[in-house]
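Worksheet: one structure, shown below.
The values are calculated or read from the model by the stated rules, or taken from the named source; none is laboratory data. Bear in mind that the values here come from a model prediction, so they are computed numbers and not experimental data. Don't worry about glycine lacking a Cβ; one is built from the backbone with ideal geometry, like all the others, and counts go over all protein chains shown. When the accessible area is computed, the model is the full protein with side chains, heavy atoms only, and any ligands, DNA or RNA have been set aside. Shrake-Rupley method; radii C 1.70, N 1.55, O 1.52, S 1.80 Å.
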Amino acid sequence: MNIIALSRRLYSPRFSGYRSLHDALSKTVFSGPILGRSVHHLRKAGSFVVPRVLFVSRNLSTNVSSSSSKQPAFLRWYLRKLESHPFITKSVTTSLIYMAADLTSQMITMKPSGSYDLIRTARMASFGLIFLGPSQHLWFSYLSRILPKRDVLTTVKKIMMGQALFGPFSNTVFYSYNAALQGENSEEILARLKRDLLPTLKNGLLYWPVCDFVTFKYVPVHLQPLMNSSCAYIWTIYLTYMANQTKADS
């Protein structure tokens, strides 16, 4: 049955109830530029096939849902938490990474007869939870707002700002916070900063620019604190070792 015969049957009294269906099909399939494309999708005589263009949106939605379903369950859960509670999720994540890094640092430097210093680990974890996690969230959001592009020049600008501003500030707070929790007074904290801060910043220049380039250039903004904290895992092994050395002479 061809298109003309089908339309005659639809307008016959027997099929008067289907005229609205025919009108809808005429507006979407048999009119405008879609007509030429639709005719090619008519197969055997007596059968009518809806043009494939009508299924584009359904296929796109199916592909999106299938791609998201392929993600691991934990990753889907974490991404949902990042979207619903970004501040606390990033803070807890940073705290856990700092805790793992400190335990690794202790394991590397521990004597055969030694044991883990869980109070030291708690200090590191609390720093990630209270300060570094929230500050990273604010810092990366601020950078993405004032420098939204991802070209090489903009990425280099972000790296330079991190090395000049965020790095010195966060390391200063880290050493001061850790020393204060160990009972050091202001003079002892200043002496520690004079001894440890500058070598830390120099070593950071050898490590962080590469990590920051990957983070700013390729990682979405909402995942940048996670990427930064993941890079910080290796860095914190060194940092916690430095922070828990003996007191500096004041």
- [ ] Add +1 for every Lys or Arg and -1 for every Asp or Glu among the other residues with Cβ under 15 Å from the Cβ of THR94, and state the total.
- [x] +2
Open item on the list: For Cα pairs less than 8 Å apart in space and 6+ apart in sequence, what is the mean separation divided by the residue count of segment 92-205, i.e. the relative contact order in percent?
Closed with: 24 percent
- [ ] For GLU187 paired with ALA73, estimate the spin-label separation in nm (one decimal), with each label point 7 Å from Cα along the Cα-to-Cβ line.
- [x] 5.9 nm
Open item on the list: Once R0 is set to 35 Å, what does the formula 1/(1 + (r/R0)^6) return for the Cβ-Cβ distance between ARG195 and SER84, expressed as a FRET efficiency to the nearest 0.05?
Closed with: 0.20
Task: Point-to-point label distance, LYS149-ALA164, nm (Cα→Cβ direction, 7 Å offset) - done: 1.8 nm
Task: Largest to smallest principal axis extent of the C-alpha atoms in segment 65-200, angstrom - done: 55, 38, 24
TODO: Can you tell me the dipole magnitude for segment 101-250 around its Cα centre, using point charges on the Cβ only (Lys, Arg +1; Asp, Glu -1), in Debye to the nearest 20?
DONE: 440 debye
Task: Residue-count net charge about PHE216 - beta-carbon cut-off 15 Å; Lys, Arg +1, Asp, Glu -1 - done: +4
TODO: Report the FRET efficiency, 1/(1 + (r/R0)^6), for THR109 and ILE130, where r is their Cβ-Cβ distance and R0 is 30 Å, rounded to 0.05.
DONE: 0.75
Task: Packing-based ranking, highest mean first, of 114-127, 217-230 given that Cβ atoms within 10 Å are counted - done: 217-230, 114-127
Task: Per-residue ³J(HN,Hα) for segment 220-229, Karplus 6.51 cos²θ - 1.76 cosθ + 1.60, θ = phi - 60°, Hz, x for Gly and Pro - done: x, 4, 5, 9, 5, x, 5, 4, 4, 5
- [ ] Take the Cα atoms of segment 196-250, build their convex hull, and give its volume per residue in Å³.
- [x] 83 Å³
- [ ] Starting from the Cα of LYS217, step 7 Å along the direction of its Cβ; do the same at LEU205; then give the gap between the two resulting points in nm.
- [x] 2.1 nm
Task: Modelled FRET efficiency - R0 30 Å, LEU118 with SER141, Cβ distances, 0.05 increments - done: 0.35
Task: Heavy-atom accessible area order for ASP151, ASP196, largest first, 1.4 Å probe - done: ASP151, ASP196
Open item on the list: I need the phi-derived Karplus couplings for segment 209-215: 6.51 cos²θ - 1.76 cosθ + 1.60, θ = phi - 60°, integer Hz, Gly and Pro marked x.
Closed with: x, 5, 4, 5, 4, 5, 5
TODO: Would you kindly work out the equivalent ellipsoid of segment 137-222 from its C-alpha gyration tensor and give its semi-axes, the square roots of five times the eigenvalues, largest first in whole Å?
DONE: 30, 14, 9
